[in-house]
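Below is one structure, written out as structure tokens; comments come after it.
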Amino acid sequence: MVAAERKRMAPKDGARLSDKGPRKPRARRNNESNRREELLRVCARLFREKGFDGTTIRDISAAAGMHSGSPFYHFKTKQEMLAAVMEQGLTEGLRRTEAVMALALPPERKLERLIRVHLGTILEDGNDFIPVLLYDWRSLDAAGRRRIVAVKDRYDALWQGLIDELARKGLVAGDAKLARLLLLGAVNWAGQWYRPGDRLTLDEIAAGAVRVFLRGVDVAKMGATRSPPRLAGEGQGGRRSALRASGAPSPTLPRKPGRE
């Protein structure tokens, strides 16, 4: 009789209990992943503001709302945090760059889009990852550098492919690899002088860079009646005049020097 009572009270659908079982571990993994991503954002912001050497684990823990040793649950060392921040920035930059390369645009306009996307990864709010790569590269240990170079090489290869295409069209003179290095160096330096709300928007800077780099080519005169679709994750950057009308003077550098 006891056995019959147990059989009667048992759930008819045994799968219902098995469905509930895995949910807790999966939810726990999701929470841990979200917590790790949040911790990476905190690390990126602090490394950018204070530098890698100037940021302590206590600083990171306090900013993330954690106990002092909790970050080591997600990362073994502070060096690993630095490498993860740089890798995160490069991976996101690579995703956006691949999206631009997939657009059905002439190479001149693709270059403008690439420059605009790259400016966004350096200068838009919340994008602290690539600036950490630019300013704290020498703080990485040998293992961290090998890890980051593997991703950076893929990023550079996409840029180099486009520069090579422009060179074949006669729009880039001289050594194409040197041209890529000089262009990216100039764009990265915008982090030193750009101020949000200044007289140039990020869109205008990108268009102006193309005119300078491609010896006067004006993408606004290439027959496009409207800008290509904005990529997912790309900020507005103050589209004040949306690639100035033809005949506008080429932008010059703002006067304000130095980092924020």
Inset, instruction - Pop a pseudo-label 7 angstrom from the Cα along the beta-carbon direction at both A99 and Q79 and give the gap in nm to one decimal. - result: 3.4 nm
Legend entry - Label-point gap, in nm, between R195 and A167 - each point 7 angstrom along Cα→Cβ: 3.9 nm
Inset, instruction - Just list whichever of K50/K110; K110/K152; K78/K177 have alpha carbons separated by over 23 Å in the model shown. - result: K50/K110; K78/K177
Inset, instruction - Quickly work out the L178-to-A142 label distance, labels modelled 7 Å from Cα along the C-beta direction, and quote it in nm with one decimal. - result: 3.3 nm
Inset, instruction - Please turn the phi angles of the stretch 58-65 into ³J(HN,Hα) values with the Karplus equation 6.51 cos²θ - 1.76 cosθ + 1.60 (θ = phi - 60°), one per residue in order, whole Hz, x for glycine and proline. - result: 4, 4, 5, 4, 5, 5, 8, x
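Read the figures in this text as sums done on the coordinates, not as results from a lab. This is a predicted model, so every value here is computed, not measured. Cβ sites come from the backbone with ideal geometry, for glycine too, and all protein chains shown count toward neighbours.
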